[in-house]
Amino acid sequence: MLNADLHCHSRVSDGTLSPTEVAQVAFEAGVDLWSLTDHDEIGGQREAREAAETLGMDYVSGVEISITWANRTVHIVGLNVDPDNATLIDGLAATRGGRAARAQQMSEQLAAAGIPNAYAGALRFVGNPDLISRTHFARYLVEIGKCASVSDVFSKYLAEGRPGYVPHRWATLENAVTWIRGAGGIAVVAHPGRYRFTPLEFGVLFDQFRELGGEAIEVVTGSHTPDQYREYADVARRYDFLASRGSDFHGPTESRALLGKLPALPDDLTPVWSRWQ
């Protein structure tokens, strides 16, 4: 089966490597078809494509859009989008707009919890200041010894109900799917196993996504357990979604799964890349 990895991040958003470096990791891992899907940003697409082509690896442009749905954050990946599409570019810029103010508020709350200067500390890990995120704060807290790992920081300080958590109002589901489709791409529900929705809420989410023109769902991803591979394969069958596969790689020491090392999709599912290959 084609070794496709269609979900990962670079320093253009919250990864630790440049797009060129991520391409090299993917190539060395045996990836045949790769996509860089930085959060709310397509500024790394040209570099990613050029690096992939230099290595002889097939590339498809991508992005991961943050949305607010049912008062929670959900991610929608766009694959095979036109990175020069003006509506997509403007929409992503608007979505990024509130990150700086949110980061300042997070820093103030962490200071009140006994961790001063967190904003300045987080900035040292940021490749793109417009995309400062909780992950950058987490890396700083690991550096100063507050926690042993990024995941520990999230559970102790940055998750909902913790001292440094600040909610943000992102794009809507309709925004994300419309921008992706308008840019010629396919909309994909990213790592659904990460969302704490009831079965009824999931049903409404998938129904709305499909009605808006969403076509695919991540089945095999670094954020899923083997049981969830099977669970979301069943969702793909039920809703007639295309199936996607991606590691959600952020860096060599921070990712649950390495690039190109995931199990194959179930044979009876139609892979999302069948649309452009």
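Per the conditions (1) open to solvent by less than 50 Å² (accessible area, probe 1.4 Å); (2) over 18 Å from residue 9 (Cα atoms), the sole criterion not satisfied by residue 120 is (1).
What is the number of the single condition among (1) surrounded by fewer than 20 Cβ atoms within 10 Å (Cβ to Cβ); (2) within 20 Å of residue 210 (Cβ to Cβ); (3) of a type in the set (A, V, I, L, M, F, W, C) that residue 273 does not meet? Among (1) surrounded by fewer than 20 Cβ atoms within 10 Å (Cβ to Cβ); (2) within 20 Å of residue 210 (Cβ to Cβ); (3) of a type in the set (A, V, I, L, M, F, W, C), residue 273 violates only (1).
Of all the listed residues (190, 171), the sole one being open to solvent by less than 10 Å² (accessible area, probe 1.4 Å), under 27 Å from residue 94 (Cα atoms) and either modelled with pLDDT under 95 or outside the structural domain of residue 71 (by the TED database) (or both) is 171. Taken together, the residues in the range 259-275 that are outside any helix (DSSP H, G or I) and hydroxyl-bearing (Ser, Thr, Tyr) amount to 1. Scanning the range 200-215 for any residue that is exposed (fewer than 15 other Cβ atoms within 10 Å of the Cβ), assigned to a loop (DSSP other than H, G, I, E, B), touching a Gly at 6+ places or on another chain (Cβ under 9 Å) and in contact (Cβ under 8 Å) with a residue 24 or more places away in the chain turns up nothing. Restricted to the range 82-102, and to residues there that are small (Gly, Ala, Ser) and touching a residue at least 40 places away in the same chain (Cβ under 8 Å), the residue that is most open to solvent (accessible area, probe 1.4 Å) is 94. I'd like to check something: does the range 28-36 contain any residue that is closer than 20 Å to residue 223 by Cβ, among the aliphatic types (A, V, I, L, M) and surrounded by fewer than 19 Cβ atoms within 10 Å (Cβ to Cβ)? Yes - at least one qualifying residue is present in the range 28-36. Considering (1) in a loop (DSSP other than H, G, I, E, B); (2) touching a residue at least 40 places away in the same chain (Cβ under 8 Å), the lone condition that residue 224 does not fulfil carries the number (2).
Here's the yes/no breakdown for (1) among the small types (Gly, Ala, Ser); (2) under 26 Å from residue 194 (Cα atoms); (3) not assigned by the TED database to the domain that holds residue 194:
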position: 41; (1), (2), (3): no, yes, no
position: 47; (1), (2), (3): no, no, no
position: 57; (1), (2), (3): no, no, no
position: 62; (1), (2), (3): yes, yes, no
position: 72; (1), (2), (3): no, yes, no
position: 78; (1), (2), (3): yes, yes, no
position: 82; (1), (2), (3): no, no, no
position: 87; (1), (2), (3): no, no, no
position: 105; (1), (2), (3): no, yes, yes
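Among the residues of the range 126-155, the ones that are of a type in the set (Lys, Arg), over 21 Å from residue 256 (Cβ atoms) and part of a helix (DSSP H, G or I) come to 0 in all.
Look through 245, 256 and report the one residue that is open to solvent by 20 Å² or more (accessible area, probe 1.4 Å) and either assigned to a loop (DSSP other than H, G, I, E, B) or touching a residue at least 12 places away in the same chain (Cβ under 8 Å) (or both). Just one listed residue meets the conditions, 256.
The values are calculated or read from the model by the stated rules, or taken from the named source; none is laboratory data. Because the structure is predicted, anything quoted here is derived from the model rather than measured. Here Cβ is always computed from backbone atoms with ideal geometry, including for glycine, and neighbour counts include all displayed protein chains. Note: areas computed on protein heavy atoms with side chains; ligands, DNA, RNA excluded. Shrake-Rupley method; radii C 1.70, N 1.55, O 1.52, S 1.80 Å.
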